[in-house]
Every structure is written in C-alpha cells, then in structure tokens.
Amino acid sequence: MDHTEILALFDRQMRREAAPDGPGTRVERTASAVCQSGGDGWNGVLWSDLDEASADAGIAAQIAYFAGRPFEWKLYAHDTPYDLGERLASAGFRAEPPETLMAAPTAVVVERTERTRLPDGVRLVPVTDAAGVARMAEVHDEVFGPGSSSFREPLARQLAEEPDTLSAVLAVADGTPVCAARAEFPPGKEFASLWGGGTLPEWRGRGVYRAVVAQRARIAARRGYRFLQVDASEDSRPILERLGFAALTTTTPYLYDRDA
C-alpha cells in the first residue's frame, strides 16, 4: 500500500469531497475550507487550504460561519501552514489528544481476521434501534468517560432514516454489553470508517476488539469498500497494525466553544 497515494485519496474523497454524514447535515465548500454543520451530529471543519497569509482570516471566517455554535477543526499533521495548530489555539480553540489516522485494504483485514473467535460466552449483537444505541452510549461513557456518548441522538436518527450508511454492533457477555462499535459507509467513497470499539477494562486483551473489527471489515468487503479507515488511539493502534493497518498521519481535534 503506497501510504502517500492512499493519504492523497483520503484527503480528496473524505475531506475535500466529503458528503453529509447524517440526516439534516449539510456540507459547505469554499475555496479554502470544507465544513459540515446542521442536524444533531458533528459540526466542524473537515479540510482547509490555508497559508501563512490567509490562515488567520480563514480561522476568523469559520468562527463567524458557526456563529457561536461549538464546533471542531479537525487538523491533520500535513495541513498548512505548519503553525496552524498554534494559530487555532491563539484564536480560542482547545486541542484534544491527537490520534493516528490509519488505513488498510479491506481484503487484507478480512484475511488476517478470518480465524478470529470471540471469548466463550460473548456474542455480537447488531444495533438496529434507539434502545441499542442507548446501550452503546452506556459502554462509551464507561470506557471513555462521561459525555463521550454525544453520538447517541444523531446515531439513533441515522439508523432510523439512513440505515444503509452505517452498521453498529455490541459485544455482549451474559446480557451485559462489554464493547460497542460502528462502521460508517459513505456513499460513493472507497473508504469505510471504523469508530468506537471501546471495550470494558476487564474484557481487554481477550480478542473482543479484534472480533468487532473483523465483523465490520466483512461487512465493508461485502459492500465493496476498498479501504478501512480509523482514527486510532494509542491503545488500539498496536492491535490495528497487526491486522494490516498502517499509520498515514496524525489528526488533532481543536474544539471551539465560546462559552467554555
């Protein structure tokens, strides 16, 4: 896999040519930025093309565009100018911990996970309605901390109105969810995106995370997606590398909330 080529493809398809990722959302494009807003889901800047002369004005334009609403500027390490993160911080944005953008050919992940087995007593349960999303939210809040399940309402709406664009799953042991994950399938793109995968501490190291990756990879393969993409934490990165994923760059969320 040519990392430079795949990163360029990701930038084009998933950032510059991004489509709305849920009901009620819209994507706005200008010569220097692509942003998403509206609906109940994620609001923020997906891509920017700025230089030292235009960066401060471009940042101010996005703050004005969101008109006081909290939003995220998703900054990638190769974005320009080189000091864009510092400029965002000076403008009032707060940096969250960075993650690693990883990608893999779907067929490779399917091959490497074909013998994956769940621990005894654990089964995978598809999430198809708001009740299932609520159980996912409980897992995320326990694994990642309170407030980590902000996806709850938009995901339930997406399942109801655009079910073909995602697949969500719970790993359940004796009736208790121990891991929650989802995959997004943007129409017309070559990348399926894997999100979540949060596993309760007592169930880590037992193959549960690997199993939910395997399940989502098989679905992506059946739907014709060439690549899988993950914004990986330091905990999940080693597992993903063993499954065929490679690091392309890092991404840092910069959050803007005037009232924060």
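The values are calculated or read from the model by the stated rules, or taken from the named source; none is laboratory data. Remember, it's a predicted structure, so these values are computed and weren't measured experimentally. A quick note on method: Cβ atoms are made from the backbone with ideal geometry, for glycine too, and the neighbour counts reach across all protein chains shown.
Some observations on this one:
- For Ala67, the conditions (1) in contact with a strand residue (DSSP E or B) (Cβ under 7 Å, 6 or more places away or on another chain); (2) within 30 Å of Arg157 (Cα to Cα) all hold with the exception of (1).
- The condition of being among the polar types (S, T, N, Q), in the same structural domain as Val133 (by TED's automatic domain parsing) and farther than 19 Å from Pro97 by Cβ holds for only one of Gln229, Gln215, that being Gln215.
- Test: Ala183 is in the same structural domain as Leu118 (by TED's automatic domain parsing), touching a helix residue (DSSP H, G or I) at 6+ places or on another chain (Cβ under 8 Å) and in a helix (DSSP H, G or I): no
- Subset of segment 209-260 (residues that are in contact with a strand residue (DSSP E or B) (Cβ under 8 Å, 6 or more places away or on another chain), of a type in the set (Lys, Arg) and part of a helix (DSSP H, G or I)): Arg216, Arg237
- Of the residues making up segment 157-180, just one is in contact (Cβ under 8 Å) with a residue 40 or more places away in the chain, more than 24 Å from Tyr225 (Cα to Cα) and in a loop (DSSP other than H, G, I, E, B), namely Asp174.
- Number of the exception - Thr116 against (1) at pLDDT below 95; (2) surrounded by 13 or more Cβ atoms within 10 Å (Cβ to Cβ); (3) not in a helix (DSSP H, G or I); (4) not assigned by TED's automatic domain parsing to the domain that holds Trp195: (4)
- Matching option when the condition is of a type outside the set (D, E, K, R) and at pLDDT 95 or above, among Ala156, Ala160, Ala181: Ala181
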